[in-house]
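None of the figures in this text is laboratory data; all of them are computed from the coordinates on show. Here the structure is a predicted model, which is why all the values come from computation and not from measurement. So basically every Cβ, Gly included, is an ideal-geometry build from the backbone, and we count neighbours across all protein chains shown.
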Amino acid sequence: MNSYKNKKLFYRVLLYILLIMVVIIFLAPLLWILSTSFKTTQEIFNGLYNWIPQTFTLENYREAITEYPLGEWMRNSLIVVGLVILLSSVFYILPAYALACINFKGTGFLVILMVATIMIPKELSSIMSYKIVASLELLDTYFAVVIPQICDAIGVFLLYQFFRTIPKEYSEVCRLDGGGHFTILTKIYLPLSGPAISVMVILTFVTSWNNFFWPLLVTFTNKSMTLPVGLATIMTSYSESSASRQYGLLMAISLLTSIPALTLFVLMQRKFIEAITISGIKG
Amino acid sequence: MTKNSIWNKRRRREIRFLILSLTPFFTMLFIFKILPIFANFYYSLRDIEVQTSGIFVGLKNYRMLVNDPLFYKVLKNTFTYLLYVGPVNIVFGFLLALLLNQKLKGTTFSRAVIFVPYIFMTTLVGIAFRWILDGNSGLLNHYLSYLGIEPVYWLTKSSTAMLGIAIASIWWTIGYNTVIYLAALQGVPREYLEAASIDGANKVKRLFKIIIPCVKNTTFFVVLTTVIYSIQVFGQVYVMTSGGPNYSTLTFVQYLYIKAFREFKLGYAAAIGVVLFLIILAMSIAIFWLFGDHDEFKAKRMKRREKFE
């Protein structure tokens, strides 16, 4: 019995060592970014690889804010993401309700069509989308960045699946009282769908906030350039050698621009992970 | 008013609501998702510019593609990336989920730590890993030197550049798979595991006979998304190496981007897009087949066997 206990203890210790190693490996890059951002250029290249800065400096942060239009890019990103979330709420909730709750020929076809598009990479649509936006002379506007982002079928599909779980009896009662579909949707379905809608909003936020390929194509100036594109222009503007002298600054910029997403994640960690999980399981 | 006309009025209202609610989304879906795929086929047969629809050139773009040595490099690079990232993200994503599913203290915190890279922007991951993988003063080389490994010039040598990008990508995305697997593991019925342990099945046996079959649907999803997303890799490459050195990290989407939006050879880029679409379609079908049919096939075989016995 004793040896069994010992074996069990050994096993647990092993698991804890593994867990700690994993956490260290995943945290190390983040802590290294943090540490680098507070170091002077001289210290960054002193070859000591110390994790805690010897001379703690805020110079990188000062330079990041004064030398680069981070504020403008951040504003553009927030406006774009805000618009995408706002528009997609309307664009996704209505069709999801219609597909889930109204009987008509073609529901099955539309759902399959929608799901089939989920797996199509958005890069493949870029050529025609670009031609459309260019011919409407909308390049380098918020409109151009936002519009192709509000046809993400996964949001509709998630809501559709959730709406189907709401018992039909609820809407029957409302119908008998003479309520139309719009009333049923706003009075019965929406109040019950808080969790599903927040999942959709988080997913939309993550996808839109990180969206890089499309904004890279259609934004050229600080007027509409979003953060990911702005950061890429900083990075590609350095040649290999000069970049090596600016790492403190680059890490400071990285951290500053992650603040919105990081804050949201820290505040709503559980919801965030739930949203991703649901998209994975249902998708 | 007769009962019938009230019903008719209702139905009319319902149809109006139906049209109003479906049209905006499906119009967008059609214009920006479905039509562009067909448009790529059309464009690929033409010499085309941004403002014009160009002239018909038949299979010229495809002939050029077949004779383009860079295209083969792109194919090789993209699949190399998939080979580096795919298995690690799937297998280790699962193993990490297994670890986090144990009754240990601190698993919630660890889960957050493993997942947090995923919320950073691709460009940031690229910038951060350019620093960590730096040949002369990068953190990774520093720790590798303790193991007696000579400094590796990760991103500036064509033999290791793709591996460097893969390292960054794995750190960035593996948490996604882990979180999804973790949810699936929590759905594995406890009774099965307990019954198996009473029957004397050891941990390895329980893993292969119960846990892995139970999360099969999740594995299907994880494999499908990992493969498709890997084939589309773009942001990391754009920021970390821009396809270099010597085109050793030029990937499919990167090549499409350069041809379409740097050189504005839209017809040629569309041909690349068509090939990419067909590859993704083929791989999706293969994965569906791999995961889907087996079950039915096995069930049929089992039934047949039952009949014989």
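Note on chain B: with a GNM built from Cα contacts shorter than 10 Å, the maximum mean-square fluctuation among B:Thr107, B:Thr23, B:Thr173 falls on B:Thr23. When you filter the GluC sites (Glu not before Pro) in region A:114-196 for DSSP loop state and at most 14 other Cβ atoms inside 10 Å of their Cβ, you are left with A:Glu137. Counting only whole DSSP H helices of chain B, the ones at least 30 Å long by C-alpha along their axis and with mean Kyte-Doolittle hydropathy no lower than 0.5 are B:69-100, B:161-186, B:266-308.
A convex hull fitted around the alpha carbon atoms of chain B yields 292 Å³ per residue.
In whole percent, what relative contact order does region A:1-86 give with Cα contacts below 8 Å and a gap of six or more residues? Relative contact order, region A:1-86: 19 percent. For peptide B:264-275, the mean count of partner chain Cβ atoms within 10 Å of a residue's Cβ comes to 2. Between B:Gln232, B:Gln186, B:Gln51, the residue with the greatest mean-square fluctuation in the GNM of chain B (Cα pairs under 10 Å linked by springs) is B:Gln51.
Principal axis analysis of the Cα atoms in the protein assembly as shown yields extents of 90, 78, 52 Å, listed in decreasing size. Quick check: the angle from helix A:153-165's long axis to the longest principal axis of chain A, C-alpha only, nearest 10 degrees? Between helix and principal axis, roughly 50 degrees.
Partner shielding of B:108-120 amounts to 6, given as the average count of beta-carbon atoms from other chains within 10 Å of each residue beta-carbon. With contacts taken as Cα pairs under 8 Å and at least 6 residues apart, region B:180-270 reaches a relative contact order of 18 percent. In terms of distances greater than 29 angstrom between alpha carbons, the cross-link table entries A:Lys7/A:Lys271; A:Lys5/B:Lys209; A:Lys223/B:Lys73; A:Lys168/B:Lys209 yield A:Lys7/A:Lys271; A:Lys223/B:Lys73; A:Lys168/B:Lys209. For the pair A:Leu78 and A:Leu27, label points projected 7 Å from Cα toward Cβ lie 3.0 nm apart.
Scanning chain B for trypsin sites (Lys or Arg not before Pro) lying in DSSP loops with no more than 10 further Cβ atoms inside 10 Å, the longest uninterrupted stretch between such sites is B:106-309.
Placing +1 on the Cβ of every Lys and Arg and -1 on the Cβ of every Asp and Glu, with nothing else charged, gives the protein assembly as shown a dipole about its Cα centre of roughly 2200 debye. At what distance in angstrom do the alpha carbon centres of region A:123-141 and region A:207-221 lie from each other? With region A:123-141 and region A:207-221 each reduced to a Cα centre, they are spaced 12 Å. Loop-located trypsin sites (Lys or Arg not before Pro) in region A:81-182 (DSSP state not H, G, I, E or B) with no more than 12 neighbouring Cβ atoms inside 10 Å: A:Lys105.
With a Förster radius of 56 Å applied to the C-beta separation of A:Ile112 and A:Lys5, the computed FRET efficiency comes to 0.50. Quick one: go through region B:261-286 and flag any residue whose amide nitrogen is under 16 Å from the point 7 Å out along the Cα-to-Cβ line of A:Thr236. Once the point is set 7 Å along Cα→Cβ of A:Thr236, B:261-265 turn out to lie under 16 Å by backbone N, inside region B:261-286. Normalised by the number of residues in chain B, the average gap of Cα pairs under 8 Å and 6 or more apart makes the relative contact order 26 percent. Amide H contacts for B:Arg46 (H built 1.01 Å from N in the peptide plane; partners 5 or more residues away or on another chain; cut-off under 5 Å): B:Val57.
The overall shape of region B:176-296 is prolate: from the C-alpha gyration tensor, with semi-axes ordered a ≥ b ≥ c, the ratio a/c is 1.5 or greater and a/b exceeds b/c.
Among A:Tyr97, A:Tyr170, A:Tyr68, the largest mean-square fluctuation in a Gaussian network model of chain A, built with springs joining Cα atoms closer than 10 Å, belongs to A:Tyr170.
For the residues of A:22-35, the average number of beta carbons from a partner chain within 10 Å of their own beta carbon is 5. Taking every Cα-Cα distance in chain A and sorting them into 5 Å bins from zero, the calculated P(r) comes out as 1, 5, 9, 11, 12, 12, 11, 10, 8, 7, 5, 4, 2, 1, 0, 0 percent. If you take the square roots of the eigenvalues of the alpha-carbon gyration tensor of region B:1-115 and sort them as a ≥ b ≥ c, do you get rounded (a/c under 1.5), prolate (a/b over b/c) or oblate? Taking the square roots of the gyration eigenvalues as a ≥ b ≥ c, region B:1-115 is oblate. Relative to the longest principal axis of the Cα atoms of chain A, the long axis of helix A:70-101 lies at roughly 30 degrees. Using the Karplus relation 6.51 cos²θ - 1.76 cosθ + 1.60 with θ = phi - 60°, the per-residue 3J(HN,Hα) values for region A:8-19 come to 5, 5, 4, 4, 5, 4, 4, 4, 5, 4, 4, 4 Hz, with x marking Gly and Pro.
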